[in-house]
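Contents: one structure, followed by commentary.
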There are 2 protein chains.
Amino acid sequence: MEYEKGFYQIRSNEEILKKIKLERESIGYYELPFADTTHIKEFAQDIKQKYIIVIGIGGSSLGAKAVYDFLKYKKNFSKKLIFLDTTDPIDIKDKLESIDINNTLFITISKSGSTVETIAILKYLSTIIELNRDNHTIITEVGTSLFKYAESLNLKIFDIPKNVGGRFSLFSSVGLVPLACAGVDIDNMLNGAKKIYRSFFEQESSYNILMEKARFIVENKQRFNINVIFSYSSALEGFNRWYVQLWAESLGKLNINGTRQALTPVGLIGPIDQHSFLQLIMEGKRDKTVTFIKVADFEEQILIPENTPISELNYLEGVSFSKLIDMQADATIKAVKDEQDIPYDVITIDKIDEYNIAELIFKYELLVSVIGSFLQIDTYNQPGVESGKIILKDRLKGLK
Amino acid sequence: MEYEKGFYQIRSNEEILKKIKLERESIGYYELPFADTTHIKEFAQDIKQKYIIVIGIGGSSLGAKAVYDFLKYKKNFSKKLIFLDTTDPIDIKDKLESIDINNTLFITISKSGSTVETIAILKYLSTIIELNRDNHTIITEVGTSLFKYAESLNLKIFDIPKNVGGRFSLFSSVGLVPLACAGVDIDNMLNGAKKIYRSFFEQESSYNILMEKARFIVENKQRFNINVIFSYSSALEGFNRWYVQLWAESLGKLNINGTRQALTPVGLIGPIDQHSFLQLIMEGKRDKTVTFIKVADFEEQILIPENTPISELNYLEGVSFSKLIDMQADATIKAVKDEQDIPYDVITIDKIDEYNIAELIFKYELLVSVIGSFLQIDTYNQPGVESGKIILKDRLKGLK
């Protein structure tokens, strides 16, 4: 008797962990938190410029932007980090007008070294300012066109490991160099990531949480095909965007059966969107899981004072905005919970610092790896974004 | 013989138009573009302050923010418009530190006059600056707590008509007053909206486009339950957010059969997200419609110059960024089109001005009304956001 099959079962947690451990040997992002950062910190220490401009699209900028946006209002960095991350002419013009170009360090980031948008901006910049070793640094793979350009001008080059993809590159030079230059404590970041790494691979709390969450999402992917994040802080806006690209680009794939996977990310800001999108969650079709992200301590005491106008709402008096936003989150969570058939979870960040945002980001990177492993897809490639790029390059060449 | 039924068919375009025309008599937003704006312009003319701060959440701020964000990089307004639109203490602190509070006009907007977040911010502000007729203006419904407060201090009050909901209120005082104060040409806005209004109700091009689009979305709502917008300009970021709230809050409803509706909005920025989310569209499950929004003329010539570094990409030289972003959009559209089973459409805005953004926004308001009418839902209420608000108010009262 023979037997053949063309279907598969969702694997056990043990099999997934084994697969992830194997993957760790070829996919570079897992071990990034353990790299030595001495050379990056030394480089950053010597930066004299007030403005740091990152020229980089997608994975080359979204990670650092998520961390910088999270910290910038809290930390009064003496340097300003700005991202040229789009080809919109008005956006480029506005950002360049907001800085002193002669007091700026430019960091050009492109893994392939030939990203159309990045090189277009670099070409433009090269005629409005002389780019040299003093004001221009390159982050790319060894041997690319951009690498050769940097070598020819003796620019400082930071390497991107071949086996680290853009959307998983925050803890490589791609994220650490610009952040260190801006004044971010990158070692504290790496400590946060290491904590999650250990907790996962030593099968402690992160392992249990991520396995259970990933398994739920995969087992219920037909019913709950949309994964909403409600972030209760404006500081998480950059994280939301980073999450949307990580999730969409990693999990939007054909699986080994050739079946199109469906998980779709949505990133929202709680105190604003609970006035609108919440309606869709509460009364719309039950096709969404909801993750609430709260900040336990904003370390910012703004009190709503006593004896102020609109006596109808006097119960607000004596309450701080930190307390209010926390209560808004809890009230929304309670409303969602009361529906009973909306899957939700709540992540509470201790406070707004490097350690905590790194924990959150590394946790999501691992979560995506685990979900991808359950789904039996290639989490790390992105064939679906290539066809548009090829059409663009062909058409651009056709202009000549 | 008797007959009873508990199902319904999707109505004809003629029936929908008839229903919309009837609705126009009770739902206030349709006729807003035809209102007289003299008193708003007169008020705005006299504003001496450099900063205009809007205190308003959700529908009270997202519309004006969409228009202002669209125009601000292009128009060098002499006044700066800032939105206190969340309870995040760091966000509030940062925004207040970015202005000169003694050179600021505050505009408090709340339809109910008792929005917790809005009143909380107002209470806080009232102790850090004396709010009076010279620096504080109120937009609310007649008779609310906020209205009475304004009367007691003899503040200037602008009325919000009872039958205009927050998310449809851009063309009322809610949007027009702050925008006029910031220097936006509100009559040109209204002209754009009027153009769409006429084209729709006179059954010209807007009618045909909106009816066909709405019908497609409704007839295929089970299969394509996610509606993605890819905006090819950073200036449309505010529009994206406005769209997400309008769509989610209006269309996330139970229909007359008690069936949960499922349409979910996603707003993306093309040149950035085509590097990530596009993967999900191309290889993920076919559950999305995609609308591309392009700007025909950025009126901004930034050329990529000749003889610049990275010779591999020399085909970029001589191309402008306006051309490049346009070609990026077209290449992505071609890639999506080539898949053949992804429903898409392309809206091209002529240029970045008041007229064009108003056209776009009014078109989306009408589209949502038409879809809601096809779906047989109440497009204009939002019972699903109320339960969280009640829990919050009860808990706040419990603190005392």
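The values are calculated or read from the model by the stated rules, or taken from the named source; none is laboratory data. Computed from a predicted structure; not experimentally measured. Note that each Cβ is placed from the backbone with ideal geometry, even for glycine, and that neighbours are counted across all protein chains shown.
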TODO: Considering each of A:Ile107, A:Ile157 in turn, give the residue that is in contact (Cβ under 8 Å) with a residue 40 or more places away in the chain and among the hydrophobic types (A, V, I, L, M, F, W, C).
DONE: A:Ile107
Task: The lone exception for A:Gln376 - which of (1) at negative phi; (2) away from chain B (no Cβ under 11 Å); (3) polar (S, T, N, Q) it fails - done: (1)
TODO: For segment B:321-336, name all the residues that are surrounded by 16 or more Cβ atoms within 10 Å (Cβ to Cβ) and either part of a loop (DSSP other than H, G, I, E, B) or at the interface with chain A (Cβ under 7 Å from one of its Cβ atoms) (or both).
DONE: B:Phe321, B:Ser322, B:Leu324, B:Ile325, B:Met327, B:Gln328, B:Ala331, B:Thr332, B:Ala335
- [ ] Report, by residue number, each residue of segment B:120-156 that is within 14 Å of another protein chain (Cβ to nearest Cβ) and of a type in the set (A, V, I, L, M).
- [x] B:Ala120, B:Ile121, B:Leu122, B:Leu125, B:Ile128, B:Ile129, B:Leu131, B:Ile138, B:Leu146, B:Ala150, B:Leu153, B:Leu155
- [ ] Mind telling me which of the residues B:Ala248, B:Ala262 ends up being among the small types (Gly, Ala, Ser), part of a loop (DSSP other than H, G, I, E, B) and either facing another protein chain (nearest Cβ under 7 Å) or touching a strand residue (DSSP E or B) at 6+ places or on another chain (Cβ under 7 Å) (or both)?
- [x] B:Ala262
Open item on the list: Take A:Ser26 and tell me if it is outside any helix (DSSP H, G or I), of a type in the set (S, T, N, Q) and under 24 Å from B:Ile90 (Cβ atoms).
Closed with: no
Open item on the list: Quick check on A:Ile347: is it of a type in the set (A, V, I, L, M, F, W, C), surrounded by fewer than 22 Cβ atoms within 10 Å (Cβ to Cβ) and away from chain B (no Cβ under 12 Å)?
Closed with: yes
- [ ] Answer with yes or no whether B:Glu300 is part of a loop (DSSP other than H, G, I, E, B), of a type in the set (Asp, Glu) and either buried (at least 22 other Cβ atoms within 10 Å of the Cβ) or modelled with pLDDT under 95 (or both).
- [x] yes
Open item on the list: Given (1) within 30 Å of A:Ile325 (Cα to Cα); (2) among the basic types (Lys, Arg); (3) loosely packed, with under 15 Cβ neighbours inside 10 Å, identify the lone condition not met by B:Lys21.
Closed with: (1)
Open item on the list: Only one of B:Lys253, B:Lys194 is over 16 Å from the mean Cα position of the chain (by Cα), more than 18 Å from B:Tyr344 (Cα to Cα), of a type outside the set (Asp, Glu) and surrounded by fewer than 20 Cβ atoms within 10 Å (Cβ to Cβ). Can you tell me which?
Closed with: B:Lys194
TODO: Among the residues of segment B:337-358, write down those that are in a helix (DSSP H, G or I) and either closer than 20 Å to B:Ile217 by Cβ or basic (Lys, Arg) (or both).
DONE: B:Lys337
TODO: Scan segment A:80-100 for residues that are among the aliphatic types (A, V, I, L, M) and touching a residue at least 40 places away in the same chain (Cβ under 8 Å) and report the count.
DONE: 2
Task: Count - residues of segment B:235-245 that are in contact with a strand residue (DSSP E or B) (Cβ under 6 Å, 6 or more places away or on another chain) and either at the interface with chain A (Cβ under 9 Å from one of its Cβ atoms) or surrounded by fewer than 24 Cβ atoms within 10 Å (Cβ to Cβ) (or both) - done: 2
Open item on the list: Here are the criteria: (1) touching a residue at least 12 places away in the same chain (Cβ under 8 Å); (2) surrounded by fewer than 22 Cβ atoms within 10 Å (Cβ to Cβ); (3) more than 23 Å from B:Leu278 (Cβ to Cβ). Tell me which single one A:Ile138 does not satisfy.
Closed with: (2)
Open item on the list: Whether any residue in segment A:310-320 is at the interface with chain B (Cβ under 7 Å from one of its Cβ atoms) and either β-branched (Val, Ile, Thr) or within 27 Å of the chain's Cα centre (by Cα) (or both) is what I want to check.
Closed with: yes
TODO: Return yes or no: is A:Leu105 over 22 Å from the mean Cα position of the chain (by Cα) and at the interface with chain B (Cβ under 8 Å from one of its Cβ atoms)?
DONE: no
Open item on the list: Here is a check on your reading of the model: is B:Thr379 in contact with a strand residue (DSSP E or B) (Cβ under 7 Å, 6 or more places away or on another chain) and either of a type in the set (Asp, Glu) or at pLDDT 95 or above (or both)?
Closed with: no
Task: Qualifying residues in segment A:59-97 (those that are modelled with pLDDT of 95 or more, more than 20 Å from the chain's Cα centre (by Cα) and part of a loop (DSSP other than H, G, I, E, B)) - the one farthest from the other protein chains (Cβ to nearest Cβ) - done: A:Lys79
- [ ] Scan segment B:205-245 for residues that are closer than 27 Å to B:His275 by Cα, in a helix (DSSP H, G or I) and of a type in the set (Phe, Trp, Tyr) and jot them down.
- [x] B:Phe239, B:Trp242, B:Tyr243
